1. Mind checking which strands (runs of 3 or more DSSP E) fall wholly inside segment 159-227 and carry at least 2 residues that are hydrophobic (A, V, I, L, M, F, W, C) and more than 20 Å from A104 (Cβ to Cβ)?
2. Go through segment 220-250 and count every residue that is surrounded by fewer than 20 Cβ atoms within 10 Å (Cβ to Cβ) and in contact with a Phe, Trp or Tyr (Cβ under 8 Å, 6 or more places away or on another chain).
3. Kindly evaluate R320 against the criterion of being of a type in the set (K, R), at pLDDT below 95, on the phi < 0 side of the Ramachandran plot and in a loop (DSSP other than H, G, I, E, B).
4. With the structure loaded, tell me whether A336 is assigned to a helix (DSSP H, G or I), of a type outside the set (K, R) and not assigned by TED's automatic domain parsing to the domain that holds V203 or whether it fails that test.
5. D347 - would you say it is closer than 26 Å to W267 by Cα, touching a residue at least 60 places away in the same chain (Cβ under 8 Å) and surrounded by fewer than 17 Cβ atoms within 10 Å (Cβ to Cβ)?
6. Considering segment 254-272 alone, what residues qualify as being loosely packed, with under 14 Cβ neighbours inside 10 Å and within 21 Å of M314 (Cβ to Cβ)?
7. Taking interchain pairs and intrachain pairs at least six residues apart, which have beta carbon atoms under 8 angstrom, with the first residue in segment 114-134 and touching a residue at least 40 places away in the same chain (Cβ under 8 Å) and the second part of a helix (DSSP H, G or I) and hydroxyl-bearing (S, T, Y)?
8. Taking R174 as the residue in question, decide whether it is basic (K, R) and in contact with a helix residue (DSSP H, G or I) (Cβ under 6 Å, 6 or more places away or on another chain).
Amino acid sequence: MKREFCWTSEGVREALGLPPQSTAARAYTGVSTDTRVLRPGELFVALRGERFDGADFVAAAAEAGAVGAVAERHPDRLPPDFELILVEDSLDALGRLAAARRLALDPTVVAITGTSGKTTTRALATAALGSGVYGSPGNFNNLVGVPLSILEAPAEAKIWVLELASNQRGEIERLARISNPDYAVITSVSEGHLEGLGDLQGVLDEKLSLLSSMRRDGIALVADEPPELVRRARDHFASVRTVGLSAEADERPETWSVSGNGVEWSWGGADFRLPGFGAHLLRDALFAIVLASMLGVDPRQAAQRLGSAEIPAMRGEVRRIGDLTLLVDCYNANPASFQAALDALTDLAAGCRRAVLAGTMLELGAWSTALHLQVARQMLDAGIELIAATGEFVTAFAQLESRAGEGLILEEKLEDAYRGLGAWLEGDEVVLLKASRGMKFERAIPWFERDFAAGGRVQGPGTKG
């Protein structure tokens, strides 16, 4: 049975593995790591980063109304009645506090990870599950964000849907211990965050570590590919269901189609439709509805809820700008997501010319040069008519220029690449906007709207006299 939860000095120390103290106990209204949004009565956790030390802000937290703090060192100028709890690692302490709250409130916890698709799956699962469900906000998916999501979750929420991410080995395992999931979802495993994870095997190991701290009666949902993911997931855990589009998947759509109007499919006797593009969106949504069904939601009800769900921005959006179709997929980029977006571009073009405005795939480490070259070859093999490449793709395409025609534009800066591409566009093409989030490719969207909303075009080398 779920019970009420209140932070006390004793409870905090117990969660942190510290012995009780003889001083007068007090109660806290919550936990905060940011003095800018701290509320009176809260416990301040002084995190330490590469460029800051939260212990420097304990005095400011006290002035903002905090009545206690967890810190790695003793700061100056504290009120006499302020409770200071010293720890060796404040980030670890934050995770321990979150784990204690998760255990005390005992909701059903869904933890979602994957190289691609985890944010969309989290948003769609939260929508499909309906009222009484808490979904972690934004990108609160790392060693700070997940604990904060748990600490902010409404006590009355019966189901928590948490997103877990990693760019270093061991992070998912730590997050799994904190969240202790009843349901685990691994949306995909591909080359991503190789800078910290090493190689594809490292990515696979990292994602599978989500299953290490699952509750014994829980269920894992994993992508139906690669085969090693499925095999190793079943070696790790007793109850595993595979989700995907292949005939081998345990859970797959009965029928499905992808068009410029969105993704449509049927499953569990219900018909579904989502705006957006690509089979990868369908896979993400399938995880969401399978999960909802396992948690007691009728598929027809899930379909109705998904009908009004919003796809997270810059993840598979279709924008009509005059006669131009812009596919905005510039929040995440790795080789697998790039290939999925290229496939969707071809599916949606339907006889129109295709164009790609391509930017660097970040965090690929020592594999970056080879993987950018691989994706550049895929664009040329697909016969994409117009390609404007920036960043690391410039070097990649420079090695392939003999294969490319005049529809290849190589520019280091996004502004110059857009200008070159826009000059060749007639205004009725399908254009893919794809890069890692750090490249800020969404800056190009207003340029397309300025130049093509009224059926116009950028003047330049492609202009016909």
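The values are calculated or read from the model by the stated rules, or taken from the named source; none is laboratory data. The structure displayed is predicted, hence computed values, not measured ones. With ideal geometry, Cβ positions are generated from the backbone for all residues, glycine too; neighbour counts draw on all protein chains shown.
1. 183-186, 219-223
2. 1
3. Here the answer is no, as R320 does not meet what is asked.
4. yes
5. Considered against the rule, which asks whether it is closer than 26 Å to W267 by Cα, touching a residue at least 60 places away in the same chain (Cβ under 8 Å) and surrounded by fewer than 17 Cβ atoms within 10 Å (Cβ to Cβ), D347 comes out as yes.
6. S259, N261
7. The qualifying pairs are G114/T121; T115/S337; S116/S337.
8. Working: basic (K, R): yes; in contact with a helix residue (DSSP H, G or I) (Cβ under 6 Å, 6 or more places away or on another chain): no.
Criteria not met by R174.
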